[in-house]
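Taking it in order: structure first as structure tokens, then the write-up.
Rule-based calculations on the coordinates, nothing more; no lab input. On a predicted model such as this, the values are computed, not experimentally measured, just so you know. Counting neighbours? That spans all protein chains shown, and the Cβs are built from the backbone with ideal geometry, glycine included.
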Amino acid sequence: MGYRIGQGFDIHRLVDGEEIVLGGVHIPHNKTFLAHSDGDVLIHAIIDALLGALALGDIGMHYPDFDAQYKNVDSSILLKKTMELIEEKGYKIGNFDSTIKAQSPKLEPHISKIRKNLADLMGIAIDKVSVKAKTMEGLGVIGQNDAIAADVVLLLIKCEDKK
Ligand code: MG
């Protein structure tokens, strides 16, 4: 069995602030995430998808939010640690696809930078990294600018040299 599929989701509440972090990219905004870490919902959803693909639990089990060492942590560091775990298990990323759900700010100008940053963090080619953004048409907590969420699906491929 050479392939494993993973799915991840995350949502964080927004409060008044100056910027948000998505995919490790700092984006100016009049709100910020209320979170134990930097609140990067996209990276958190990617980590859950990576762990989920190999049935290794979830982000809360590996990096608990009651653990002081993860307070205000840069989520990029957690993604790198998770990639090391996936590689130790003998897998690499085939591709991944994601959707950020945010009413504002407009994310389209930032998408290419987010894709490049994620490709670098995960050590994969940019054509394997898909990031899409959607508003919620003003509906619900996301539509009212009280939260931003992200969904991720990805494929892991077993490396030939690690049976
Ligand atoms: Mg989170």
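Give me the number: length gained by fully extending residue 3 to residue 87, i.e. 0.36 nm times residue separation minus the C-alpha to C-alpha distance, one decimal in nm.
Details: separation 84, 0.36 × 84 = 30.24 nm, distance 1.39 nm.
Extra length available between residue 3 and residue 87 comes to 28.9 nm.
Compute the acute angle (0 to 90°) between the alpha-carbon long axis of helix 41-53 and the principal axis of greatest extent of the alpha-carbon atoms of the chain; round to the nearest 10°.
Relative to the chain, helix 41-53 is tipped by roughly 30 degrees.
Residue-wise, which Karplus ³J(HN,Hα) couplings in Hz belong to the range 75-81, taking 6.51 cos²θ - 1.76 cosθ + 1.60, θ = phi - 60°, and x for glycine or proline?
Calculated HN-Hα couplings, in order: 4, 4, 5, 5, 5, 4, 4 Hz.
Amide H of residue 39: which non-local residues (sequence gap of 5 or more, or other chain) have their own amide H closer than 5 Å, using H built in the peptide plane?
Those lying under 5 Å, H to H, from residue 39: there are none.
On the first, second and third principal axes, largest extent first, how far apart are the outermost C-alpha atoms of the chain in Å?
So the extents along the principal axes, rounded to whole Å, are 49, 35, 25.
Neighbouring Cβ atoms within 10 Å as the yardstick, rank 129, 141, 21, 152 fewest first.
Numbers: 129 24, 141 15, 21 21, 152 27.
With the sparsest Cβ surroundings first, the list reads 141, 21, 129, 152.
Could you list which residues have their amide H under 5 Å from that of residue 29, counting only those 5 or more apart in sequence or on another chain, with H placed in the peptide plane?
Result for residue 29 returns 19, 20.
On a straight-distance basis, which lysines could pair with residue 113 in a cross-link, Cα separation under 23 angstrom, same-chain partners fewer than 8 positions away excluded?
Partners found: 31, 80, 81, 92, 101, 128, 132, 134.
Which ordering of 122, 136, 61 is given by a fewest-first count of other beta-carbon atoms within 10 Å? Don't jump to the answer; show the numbers that get you there.
Details: 122 21, 136 17, 61 9.
Going from sparsest to densest Cβ surroundings: 61, 136, 122.
Ranked by Cβ crowding within 10 angstrom, fewest neighbours first, how are 148, 100 ordered?
On the way: 148 30, 100 22.
Going from sparsest to densest Cβ surroundings: 100, 148.
Using the beta-carbon distance between residue 54 and residue 116 and R0 = 22 Å, what value does 1/(1 + (r/R0)^6) give for FRET efficiency, to the nearest 0.05? List each step's numbers first, then the result.
Values: r = 26 Å, r/R0 = 1.18.
The formula returns an efficiency of 0.25 here.
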